[in-house]
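Read the structure below first, then the notes.
The values are calculated or read from the model by the stated rules, or taken from the named source; none is laboratory data. Computed from a predicted structure; not experimentally measured. Here the Cβ positions follow ideal geometry from the backbone for every residue, glycine too, while neighbour counts run over all protein chains shown. Side chains are part of the model used for accessible areas, which takes the heavy atoms of the whole protein and leaves out ligands, DNA and RNA. Shrake-Rupley method; radii C 1.70, N 1.55, O 1.52, S 1.80 Å.
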Amino acid sequence: VTENRSDLEDLHLYATPREQRFRRFASLEFEGQLYMTPYDFIQAVTNDEPKHAKKWRSLSKQELNQILMDTPPVWKGSSKLFRNLNEKGVISYTEYLFLLCILTKPHAGFRIAFNMFDTDGNEMVDKKEFLVLQEIFRKKNEKRERKGDEEKRAMLHLQLYGYHTSTNSVLKTEGEDLVPRSYWDTLRRSTSQALFSDLAERADDISSSLSDTTLLVHFFGKKGKAELNFEDFYRFMDNLQTEVLEIEFLSYSNGMNTISEEDFAHILLRYTNVENTSSYLENMRCRIPEEKGITFDEFRSFFQFLNNLEDFTIAMQMYNFASRSIGQDEFKRAVYVATGVKLSPHLVNTVFKIFDVDRDDQLSYKEFIGIMKDRLNRGFRGYKPIQRYTTFKSCVRKELYSR
C-alpha cells in the first residue's frame, strides 16, 4: 500500500525541513503513522537522498509484532546494531530526532541526557520517563511548524506522531514561552520537576494510544517493564556514534585500514556550507603530495572532538580576541585541554593543510570553526556531492582539476 504521490508532495508544503527529510527516507507505515527502518535512518544521516524512491509499505499488526519480537535487548547492543537489524525495525519521528541529537553530542553530555530522563532520581530510566521525550520534541516542533491549512497540519501530525495534537498546546513554564535553540537545549531546559510531571501525565495518555517501537523494546523489553541504567544508555549512544562513523569510513576505505587524506577532506566538507570545495581539495593536494592515510582511530577521534566543538570554540575565541591565529602545536593542545581528545600529529597536519587557505601555517577562527559548525547539522543542510578521486596526484593536475 502506497500513498498517492500528489498527496505526498502536498503535505510536504506544510512540513518543516526535519519533517520533510524524515518523510523522504521513511519506508514504513502502520495505522497511519510513518516509521523509518534502521536502514532508512543510516541512509538519512549518510546520504543526501534515498538510493531508491521511497514508497511507504504498510505493516500488518502481525508483521510489526514479529519485528518487535526479534528486537535484541539492550545488553546485546553493539556498534553493528542498526546494520544487523537492517529493515527489521521501526523508528518513529521523535526517536529519529533523538538519535540525531546523539550523533552530535559529546560523551560527557550523555550523563546529562540520562539525568534529564531520570525524573525520579533513582538512576534508572523507565519507559514512562523516556516517553516524556515524545512530548518535549512534539511541543518543540509546534514552535517551528509553518502556518497554513490546519487540516493539512493535522494530517501531518497524525502521520508523524500517530495521534492528533491540539493547536493550542504549547510548551510553557511559569507563563512564559520556552524557545530554545535546539532540541538538545529543549531537553536541557525542561528539567524542572513541575514541567516533567505535567508532561509525564500526558505521556501516560500517549503511551496507551501508540505502538511500541524497536527502540522502546530494545531499552525496556517486550513487556515494557524493564528499566534502563546509565551504563547501558551510554553504551547505546557510544555504539550509535561509532556505527555511523564506521559506515562513513568504510564507504571510502574500500576494505583497507585507512582512507586517503583527500577522502577525509571529502567527508569533512560534504555537509558544510562551503561553496568552492574544490579550492580546499586543491590546496590540500598541493601541500600533501604523498598519501599516508587516515586510520579509523584517527577518524573517530576527530569526530569525537567535533562533538565537543562548543568547548573548543571558547579556546579558539580567546586567540581570536587577541587577533592571533594558532599553529599546530597550539591547536593540538587546545583540543586536548578543551575536550580531552588527543589528535595525532598527522591528523592535525592534515586538518591544517585542508583549512589553512592562506597557507601561513596558522589556523584562524574563521578558517576552521565557522566551517565546522555547519558540519554538525548532519542531514539538515543540503549535502553537496563532491567528485571523488581514489588516488593522490601531484599539483601537475592543478589545471586539469580547475577546468
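Residues that are open to solvent by less than 50 Å² (accessible area, probe 1.4 Å), in a loop (DSSP other than H, G, I, E, B) and touching an Asp or Glu at 6+ places or on another chain (Cβ under 9 Å): does the range 229-242 have at least one? Scanning the range 229-242 turns up no residue that is open to solvent by less than 50 Å² (accessible area, probe 1.4 Å), in a loop (DSSP other than H, G, I, E, B) and touching an Asp or Glu at 6+ places or on another chain (Cβ under 9 Å). The residue of the range 1-28 that is surrounded by the fewest Cβ atoms within 10 Å (Cβ to Cβ), among those that are in a loop (DSSP other than H, G, I, E, B) and at pLDDT 80 or above, is THR16.
Results for (1) of a type in the set (Phe, Trp, Tyr); (2) under 16 Å from the mean Cα position of the chain (by Cα); (3) at positive phi; (4) open to solvent by 30 Å² or more (accessible area, probe 1.4 Å), shown as yes or no for each residue.
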{"position": "GLY77", "(1), (2), (3), (4)": "no, no, no, no"}
{"position": "LEU85", "(1), (2), (3), (4)": "no, no, no, no"}
{"position": "THR94", "(1), (2), (3), (4)": "no, yes, no, no"}
{"position": "LYS105", "(1), (2), (3), (4)": "no, yes, no, yes"}
{"position": "ASP120", "(1), (2), (3), (4)": "no, no, no, yes"}
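Those helices (runs of 4 or more DSSP H) of the range 38-116 in which 1 or more residues are of a type in the set (S, T, N, Q) and closer than 27 Å to GLU129 by Cα occupy 61-69, 93-103. For TYR383, the stated conditions hold: it is in contact with a Lys or Arg (Cβ under 8 Å, 6 or more places away or on another chain), closer than 19 Å to ASN276 by Cβ and at pLDDT below 75.
Looking across the range 287-301, the residues that are open to solvent by 40 Å² or more (accessible area, probe 1.4 Å) and not in a loop (DSSP other than H, G, I, E, B) come down to ARG287, THR295, PHE296, ASP297, ARG300.
Each residue in the range 117-145 was checked for being within 16 Å of GLU19 (Cα to Cα) and either modelled with pLDDT of 80 or more or not in a helix (DSSP H, G or I) (or both), and 1 pass. Every test in (1) at negative phi; (2) modelled with pLDDT under 85; (3) open to solvent by 20 Å² or more (accessible area, probe 1.4 Å) is passed by LYS353 save one, and that test is (2).
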